[in-house]
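The values are calculated or read from the model by the stated rules, or taken from the named source; none is laboratory data. Just so we're clear, the structure is a prediction, and the values are computed from it rather than from any experiment. Note that we place each Cβ from the backbone using ideal geometry, even for glycine, and neighbour counts take in every protein chain shown.
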Amino acid sequence: MPAAKSTFPLNAWYAAAYDVEIVRKLMPRTICNQKIVMFRKSDGSVAALEDACWHRLLPLSMGRLENDEVTCGYHGLVYNAQGRCTHMPSQETLNPSACVRSYPVVEKHRFVWVWPGDPAKADPALVPDMHWNDDAKWAGDGKLITVQCDYRLVIDNLMDLTHETFVHGSSIGQRAVAEAPFVATHGDRSASVTRWMENINAPPFWAAQIKHARGYEGPVDRWQIIRFEAPCTVNIDVGVAQTGTGAIPPGGNQGDAKLSNRSKGVNGYVLNTITPETDGSCHYFWAFARNYCLGEQRMTHQLREGVATIFREDELILEAQQRAMDEHPDHQFYNLNIDAGSMWARRLIDGLVAKEKPAQQVIPLRAAA
Amino acid sequence: MPAAKSTFPLNAWYAAAYDVEIVRKLMPRTICNQKIVMFRKSDGSVAALEDACWHRLLPLSMGRLENDEVTCGYHGLVYNAQGRCTHMPSQETLNPSACVRSYPVVEKHRFVWVWPGDPAKADPALVPDMHWNDDAKWAGDGKLITVQCDYRLVIDNLMDLTHETFVHGSSIGQRAVAEAPFVATHGDRSASVTRWMENINAPPFWAAQIKHARGYEGPVDRWQIIRFEAPCTVNIDVGVAQTGTGAIPPGGNQGDAKLSNRSKGVNGYVLNTITPETDGSCHYFWAFARNYCLGEQRMTHQLREGVATIFREDELILEAQQRAMDEHPDHQFYNLNIDAGSMWARRLIDGLVAKEKPAQQVIPLRAAA
Amino acid sequence: MPAAKSTFPLNAWYAAAYDVEIVRKLMPRTICNQKIVMFRKSDGSVAALEDACWHRLLPLSMGRLENDEVTCGYHGLVYNAQGRCTHMPSQETLNPSACVRSYPVVEKHRFVWVWPGDPAKADPALVPDMHWNDDAKWAGDGKLITVQCDYRLVIDNLMDLTHETFVHGSSIGQRAVAEAPFVATHGDRSASVTRWMENINAPPFWAAQIKHARGYEGPVDRWQIIRFEAPCTVNIDVGVAQTGTGAIPPGGNQGDAKLSNRSKGVNGYVLNTITPETDGSCHYFWAFARNYCLGEQRMTHQLREGVATIFREDELILEAQQRAMDEHPDHQFYNLNIDAGSMWARRLIDGLVAKEKPAQQVIPLRAAA
């Protein structure tokens, strides 16, 4: 197992799968450079084990699941859901060191979260809030794409939506996004970027939404309120409303978003959580939830596929950027005004990583016997 | 040419090809990290030369064979079967250093054997005994598969047949193999693992064999007598007989296999010789020979294809294991009881490698002028 | 950007594209390890910029061309044809360092030439003479192939046509080429190899040409006059004439080629210029021009396709040679008589590279602000 690099903290919950991905089958996935096998137990909860047999390292995911135990597909060593070896071929006495690492798991907001760091620190209360993904007042769905780039490039991408104008011109992009002023703020584990665009024409995507949901076709006020939660979750409150109906709170970017009156508008949440797979690739889980037309299953399906097209545009850009960065290892980057949000996000990530460095030596790579 | 790593000895005969593979054509193959070109001479014997022209390194296998001489496909240098350059374009005087390395070759038991080490030590008597592959009392055939793993992982695989239960459950595997006691012994250049299984149901493969050959359908005594010959040959005496008819010798695992009476059974030999291609890949030559139904060509064909399916199961496991080992370079391996045979095999290999280390410097990489 | 290795000089004109390749579109190509984007401006001239946005390194070739300016496809930074950033999103003041490198460009003899070194030294008079490619007295056409080898292996290949006998036996090769004596000479920036073959049968390619153009079928005098111009251009004067009609000048190889009377023959020029793409790959631009049957467009097409087949034979050899050299990094190469021409070419290249070494530090990697 390669040593964790300093690009991500280990003591964090990372989305490892959509809930529906984990069934009564062995499911391998690499999280933070660690090969993990997951499966759903007979009680409905999820187990996550190191995906390498203690004996000869064959991935356990190539074996068989039987009664919440995993049998290795080579020599038949059996492990329980806690990673302890419970059977060896041709011998009665089991080696006391025979176990594989087991990972803390929580299932919440439609994701299976895994904690790759010190199990003692795995507090379920630290799972990021993505409740819109699992709330009767919202409807939506999402996908997982695995992108060949450092997960932080995805964070950068989401913290500055200027790029919509250039990358997503045919759907959600428009000049106003690149030109409207914005405000960036931050806290201890979070950073926000708020942008209100007053009295503009809605871009194609939003024009279609507000027409369908509210029968409205005129100018709109548009908002994007991006909220980063370290190390890798970004939830974005987005939408448009009939202009002048109070969607923009008093004070605009400086005002209090809670005073935004969206009764004449349509509101969505773009939910994103990005899990490092390796140092150069990541699992990008996203969903789009809306608070209108909740019963229209066709719309849920259509929005998921439509938004997937937008994310595919990002994927091409992100992978090209990663290749270019690999070719320019010593490049000195300059930040523009638009990078304010991602600068804060990076600073919070760096802080979490720095905090771990001395402790890393004592994190047990295998569960204690 | 990369320096030979310490995973295999150079002073040994390695199977380089099945006899039928070598005809009046240039045939390239990499053996022990060395690129070799082979061809059959007009007298029927086989020549093996370094596959890189002395002049500009173009593989000679891209050239032409004419009258037991090889013409390079770039500038036309000609080499005889001993590797000496006999013609250069546009010049009369030949550079005295102009030659490529020539390898000792022996053809025996249906394989072409090449000696990649010191030619002076290449004693034909050291070719491992695989006579079942070329003996009128036995019938059979085999194949070559090139596997992306260290050749020693194949040896490990063959020295412990416990894995049949988990990897080959639909053909030759059964619980009895994982559970029956066995005995491991060793000599100076060989190691053996013997396992007798008394009064069991035959697994699907053997049930079909004994029914077809002897018309017998009841319980059987089964045996597996694995014999490793360093550095990389494993011949396995396998079979089943009507239970209680004397196949198991007095004393069982401790008894003398020569006293085994197999007249009411079917006997096969699984012949394996594994040649390192590179440090991370190998040529796995295998054959299955039987001493029953000798005249049934259909059975020979069917057995070869059926056994090939079994070996394909191993290939998947071996390549996954190699990838996992590459990802865990510092992994500390523990041995189980079932690893006794492979431990002895590894020890004998290590001994051969260690013996070569000081001598390696003086092995000429090219034939002397 | 990786530091330029010592295998090619940077202060030289390199063919970057055929003229027809560069239109009103962004065209990426790697030249001498540098990623470049080219486009034709509205005035018809060609611009060449570093293909990496100053801000986040996204290739500019993934962006959009508008009015001779390039808009980055990620955040919309705009660059003019000189590489200066003229617009940034959401800010009025532009960072003074915001620019990408711009390369000197000359269009001549049907190629777009780029100068990857010090722009101050980019004298258009230094573009190599390939006028046959763009001259009403000659007709022809060519292609670009990208070969996975060090560009110098292509130079070696062209400086010794002995290989025609072995590589191109079915078209232009014949024993006479490997056997006829030749003369190698050199100057400060050029090297030549001259070979006259008197009273021979024409090889298939030339037999067809002289029959079609002159109705002649008998023995011929054949010539190959190879001229290398450092660092990477090789023009070859080739052809055959009815034997004894004065094509071979008095004195033969020692004589003056200008006294060659080719009125009873057919004459062609094989034009080659090879641009390093990376240290291990190159763009090989070639063309074949003839001075007979000028109006036959069918022949131009046919010759281009026929010669492409010949170059494909070289490509296979060159890539195999490169792979073999990579596997034998410490191989000691010996030169034969036939290598005289390539030895001179290599010496001239080495001289140009050596001259640059101290200066390389001061070459600005980006245009000054």
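There is at least one residue in region B:184-199 that is of a type in the set (Ser, Thr, Tyr) and under 19 Å from the mean Cα position of the chain (by Cα).
Go through the residues of region C:33-51 one by one and say whether even a single one is within 14 Å of chain A (Cβ to nearest Cβ), touching a Leu at 6+ places or on another chain (Cβ under 6 Å), more than 30 Å from residue C:229 (Cβ to Cβ) and modelled with pLDDT of 95 or more. Checking region C:33-51: not a single residue is within 14 Å of chain A (Cβ to nearest Cβ), touching a Leu at 6+ places or on another chain (Cβ under 6 Å), more than 30 Å from residue C:229 (Cβ to Cβ) and modelled with pLDDT of 95 or more. Filtering B:140, B:83, B:63, B:117 for residues that are in contact with a helix residue (DSSP H, G or I) (Cβ under 7 Å, 6 or more places away or on another chain) and either within 12 Å of chain C (Cβ to nearest Cβ) or buried (at least 18 other Cβ atoms within 10 Å of the Cβ) (or both) leaves a single hit, B:140. Residue count for region B:109-139 under the criterion of being in contact (Cβ under 8 Å) with a residue 60 or more places away in the chain and on the phi > 0 side of the Ramachandran plot: the result is 1.
Every residue, every condition in (1) more than 10 Å from every other protein chain (Cβ to nearest Cβ); (2) closer than 14 Å to residue A:338 by Cα; (3) surrounded by fewer than 23 Cβ atoms within 10 Å (Cβ to Cβ); (4) among the polar types (S, T, N, Q), yes or no:
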{"position": "A:159", "(1), (2), (3), (4)": "yes, yes, no, no"}
{"position": "A:163", "(1), (2), (3), (4)": "no, yes, no, no"}
{"position": "A:187", "(1), (2), (3), (4)": "yes, no, yes, no"}
{"position": "A:192", "(1), (2), (3), (4)": "yes, yes, yes, yes"}
{"position": "A:198", "(1), (2), (3), (4)": "yes, no, yes, no"}
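Only residues that are under 25 Å from the mean Cα position of the chain (by Cα) and without any contact (Cβ under 8 Å) to a residue 60 or more places away in the chain were counted across region C:221-257, and they come to 8. Check off (1) away from chain B (no Cβ under 13 Å); (2) surrounded by fewer than 18 Cβ atoms within 10 Å (Cβ to Cβ) for residue C:175 and give me the number that stays unchecked. Condition not satisfied by residue C:175: (1).
As a summary of the residue check, residue C:330 satisfies the conditions (1) without any contact (Cβ under 8 Å) to a residue 24 or more places away in the chain; (2) buried (at least 18 other Cβ atoms within 10 Å of the Cβ) except for the one numbered (2). Collect the residues in region A:289-318 that are surrounded by 14 or more Cβ atoms within 10 Å (Cβ to Cβ), among the β-branched types (Val, Ile, Thr) and more than 14 Å from every other protein chain (Cβ to nearest Cβ), keeping them in residue-number order. A:300, A:307, A:310, listed by residue number. Cβ-Cβ distances below 6 Å connect the following pairs, each with a first residue in region C:93-106 that is within 9 Å of chain A (Cβ to nearest Cβ), a second residue that is buried (at least 20 other Cβ atoms within 10 Å of the Cβ) and modelled with pLDDT of 95 or more, and a separation of six or more residues or different chains: C:98/C:54; C:98/C:85.
I need the strands (runs of 3 or more DSSP E) fully contained in region C:17-75, keeping only those with at least 1 residues that are among the charged types (D, E, K, R) and under 19 Å from the mean Cα position of the chain (by Cα). Let's see the steps before the verdict.
Values: elements: C:27-31, C:34-40, C:46-50, C:64-66, C:69-71.
Answer list for region C:17-75: C:27-31, C:34-40.
Could you run through region B:170-199 and say how many residues are farther than 17 Å from residue A:75 by Cβ and among the small types (Gly, Ala, Ser)? Walk me through it before giving the result.
Step one: filter region B:170-199 for residues farther than 17 Å from residue A:75 by Cβ, giving B:170-171, B:183, B:185-192, B:194, B:196-199.
Adding the requirement that they be among the small types (Gly, Ala, Ser) leaves B:170-171, B:187, B:190-192.
Looking only at that region, the number is 6.
Against the list (1) surrounded by 16 or more Cβ atoms within 10 Å (Cβ to Cβ); (2) at pLDDT below 95; (3) of a type in the set (Asp, Glu), the condition residue A:92 fails is (1). Looking only at residues of region C:314-324 that are closer than 18 Å to residue C:158 by Cβ and without any contact (Cβ under 8 Å) to a residue 60 or more places away in the chain, we find that the one that is nearest to the chain's Cα centre (by Cα) is C:316. Checking each residue in region B:100-115 for being basic (Lys, Arg) and under 18 Å from the mean Cα position of the chain (by Cα) picks out B:108, B:110.
Just give me the residues in region B:196-208 being within 21 Å of residue B:314 (Cα to Cα) and in a helix (DSSP H, G or I), in sequence order. If the condition is that a residue be within 21 Å of residue B:314 (Cα to Cα) and in a helix (DSSP H, G or I), then B:204, B:205, B:206 are the ones that fit.
Any chance region A:30-40 includes a residue that's free of Cβ contacts under 8 Å to residues at least 24 places away in the same chain, crowded, with 22+ Cβ neighbours inside 10 Å and of a type in the set (A, V, I, L, M, F, W, C)? No, region A:30-40 contains no residue that is free of Cβ contacts under 8 Å to residues at least 24 places away in the same chain, crowded, with 22+ Cβ neighbours inside 10 Å and of a type in the set (A, V, I, L, M, F, W, C).
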